[in-house]
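Peer 1: This is the structure, below, for whatever I ask next.
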Amino acid sequence: MDEVRRCRWSVSLWSPEKLTSSGADAVIRDETFRRNLALYGVDETHVVYIWGASFRAAYRQIGLVHKRLPKHVPLVAVTATLVPGAEQNELTHGLGGDTFPDIAWVLDAGEKVVLYCKTIELAFRVALYLWSLCPAGPARRMKAVRLWYSLTSSTYNAETLDLFTNDPDTCAIVATVAFGLGMNQRNIWKVVNVGLQDSLSPIIQQDGRAGRCRS
């Protein structure tokens, strides 16, 4: 039993490269170890996708090793920074023009989306692009996509929140960081950062507002 405990402890400290070693294979095949193994844990999970797809291919062995373990052993992956949902996608176009095809999906997603822009000028260009894709009629366009920045009036902002909360036709708010100040809007399903922020802090603050209405 002491040997089993040592094996279990050593496995929890292995690097991905050791998963393919002969020593790891021997431990995984050991029947005493297999009967007593309670958990297969992966720490710092946020690096698995990025590193596993590039310079540390051994990360791709994590799932394969789990398949070799007894069925009763759960896989638990932990990290402090991974967000729910699919992996993030990057924009495939620049921000200097008037078209943003990578974000056209927000009009058809059936979800409430906030798109953050670094400047009011960029927010206007993004909103104009989305308005151009909306059904004809200025009223419908202005209801589907709303603007929010430091100069929008409190009356307009109150209307925006009411529409965003209660009207299914209002699907997007194109905003600057002003939208996040004192905000407690709970029905934000997705957040898009249109361009890179200056630091990690605003990204965490903005992205963290998505999904809070889910049970």
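Peer 1: Can you tell me which of 28-37, 64-73, 140-149 comes out highest on packing, and rank the rest after it, using the mean Cβ neighbours within 10 Å?
Peer 2: Order by mean packing, descending: 140-149, 28-37, 64-73.
Peer 1: Between residue 139 and residue 92, what FRET efficiency follows from the Cβ-Cβ distance if R0 is 25 Å, with the result rounded to 0.05?
Peer 2: For residue 139 and residue 92, the calculated efficiency is 0.20.
Peer 1: Ok, one more. Can you pick out the pairs among 18/190; 18/67; 118/190; 67/112 whose Cα atoms lie more than 28 Å from each other?
Peer 2: From the list (18/190; 18/67; 118/190; 67/112), the Cα-Cα distance tops 28 Å for 18/190; 67/112.
Peer 1: Here is a further query. Relative to the present Cα-Cα distance, how much length would full extension add between residue 29 and residue 162 at 0.36 nm per residue of separation?
Peer 2: 41.9 nm
Quick note: the coordinates plus some simple rules give every number you see, no bench work behind them. Every value quoted in this text rests on a predicted model; they were computed, and no experiment measured them. Cβ atoms come from the backbone with ideal geometry, glycine included; neighbour counts cover every protein chain shown.
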